[in-house]
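Student: Below you'll find the structure I mean.
The values are calculated or read from the model by the stated rules, or taken from the named source; none is laboratory data. Predicted model only: the values in this text are computed from it and were never measured. Methodologically, a virtual Cβ is constructed for each residue, glycine included, from the backbone with ideal geometry; neighbour enumeration extends over all protein chains shown.
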Amino acid sequence: MLDTIFGAMIGVALASDGGITVKTVDLHEKAQIDKVLEIANTINFLGRTLPADTDITDSVIELKAQFDQIDGDAIKDPVGRANYDAVKTFFDTHLG
C-alpha cells in the first residue's frame, strides 16, 4: 500500500512539470520484478560460465529459496509476469 502511495507521489511530482504523461508506479511490483530479473540473470550466468558437467544443484536450490520469497501475485506487468513464469517453469523443471 505504501509503495503504491509513494509511487503515486513520484508520479505527481513528475506531472507538476507539465506535459508529462504519468503512470502510477507500484514500487512493490517493481521490486518483485527486479528480484525475478536478478535470479534469471544469475541462472543465465551460471549456465554460460560453468562447465557443463558442473553440479550447481546447491546454487539452484538457494536461488529457488529466494524465488519463493517473491510475491508473484503482485506482478501485473505482462513482461514482468512472463519473466516470473519463465523462472518458475525453470525451477519446476529442474527441481521437480
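Student: Working only within segment 48-60, note down all residues that are surrounded by 11 or more Cβ atoms within 10 Å (Cβ to Cβ) and not in a loop (DSSP other than H, G, I, E, B).
Tutor: The answer is 59, 60.
Student: Taking the options 8, 13, 31, name whichever one is modelled with pLDDT of 85 or more and in a helix (DSSP H, G or I).
Tutor: 31
Student: A follow-up question, please. Can you tell me which residues in segment 62-81 are farther than 11 Å from residue 32 by Cβ and surrounded by fewer than 12 Cβ atoms within 10 Å (Cβ to Cβ)? Break it down into steps so the answer makes sense when it comes.
Tutor: In the first step, residues of segment 62-81 are kept if they are farther than 11 Å from residue 32 by Cβ; the result is 62-66, 68, 78-79.
Matches in segment 62-81: 65, 68, 78, 79.
Student: Right, residue 36: within 13 Å of the chain's Cα centre (by Cα), surrounded by 14 or more Cβ atoms within 10 Å (Cβ to Cβ) and not in a loop (DSSP other than H, G, I, E, B) or not? Full working, then the answer.
Tutor: Numbers: within 13 Å of the chain's Cα centre (by Cα): yes; surrounded by 14 or more Cβ atoms within 10 Å (Cβ to Cβ): yes; not in a loop (DSSP other than H, G, I, E, B): yes.
Here the answer is yes, as residue 36 does meet what is asked.
Student: Are there any pairs, at least 6 apart or on different chains, whose C-beta atoms fall under 8 Å, with the first in segment 14-43 and more than 10 Å from residue 80 (Cα to Cα) and the second at pLDDT below 60 and not in a helix (DSSP H, G or I), and if so, which?
Tutor: 14/22; 15/22
Student: Taking segment 61-96, which residues are among the charged types (D, E, K, R) and assigned to a loop (DSSP other than H, G, I, E, B)?
Tutor: Those that are among the charged types (D, E, K, R) and assigned to a loop (DSSP other than H, G, I, E, B): 68, 71, 76, 77.
Student: Right, here's the next one. If I ask for residues that are of a type outside the set (Ser, Thr, Tyr) and over 16 Å from residue 86 (Cα atoms), which ones from segment 46-64 would you list? Show your work before the answer.
Tutor: Applying the first criterion (of a type outside the set (Ser, Thr, Tyr)) to segment 46-64 yields 46-48, 50-53, 55-56, 58, 60-64.
Result: 46, 48, 50, 51, 52, 53, 55, 56, 58, 61, 62.
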